[in-house]
């Protein structure tokens with residue numbers, strides 16, 4: 001009886017150690033050939049920008065800084081084709097892009113007209129995207145901004161924690177970003193981004 005109790009106690013202790021530990025998830029990302037993805041972004045931002053440059057550039061912009069809050073929902077479909085050498089052809093189509101913003105105290109609620117816009121090109125080494133063609137009813141300035149944004153963000157190498165993440169864990173990254181604004185100049189910034197694992201669905 002004592003031996004049975006001892007074995008049972010060992011089992012209960014072992015079970016507590018195993019089931020008491022939360023599962024860790026290990027992440028890396030890359031795009032696979034012959035695949036389809038549904039991509040959804042939700043952004044809640046409260047911050048601002050301070051513009052630095054010559055008086056001529058500041059005058060063109062019309063202000064020396066911006067205080068803003070932005071809530072946006074972006075939805076797109078992303079499909080890849082058969083791999084060719086180290087390149088994977090892709091097509092990215094925006095299906096929804098809604099932004100609600102308050103800029104310098106003024107509310108700006110608008111639907112940005114890029115629904116239905118398609119971008120095609122190649123993915124290099126599983127991540128970096130090169131846009132070769134843009135289809136849709138957008139002006140040249142918006143087209144240039146889209147192409148440059150995709151190029152820069154696809155080049156970001158998200159440094160996921162090597163020890164993995166449990167539900168509720170978070171980590172921070174500082175992402176440098178540079179954007180050319182037509183008829184104004186270049187804007188450079190560093191974005192402090194926090195990632196948090198909320199849930200894992202199968």
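The values are calculated or read from the model by the stated rules, or taken from the named source; none is laboratory data. Just so you know, these numbers come straight off a predicted model, no measurement behind them. Neighbour counts run over all protein chains shown; Cβ positions are idealised from the backbone, glycine included.
Computed quantities for the displayed model
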quantity: Subset tally (residues that are part of a loop (DSSP other than H, G, I, E, B), modelled with pLDDT of 80 or more and under 17 Å from the mean Cα position of the chain (by Cα)) for region 29-57; calculated: 2
quantity: Elements of type strands (runs of 3 or more DSSP E) in region 101-182, at least 1 residues being modelled with pLDDT of 90 or more and more than 20 Å from the chain's Cα centre (by Cα); calculated: 128-135
quantity: Members of region 185-202 found to be surrounded by 13 or more Cβ atoms within 10 Å (Cβ to Cβ) and either at pLDDT 80 or above or under 22 Å from residue 131 (Cβ atoms) (or both), listed by number; calculated: 187, 195, 197
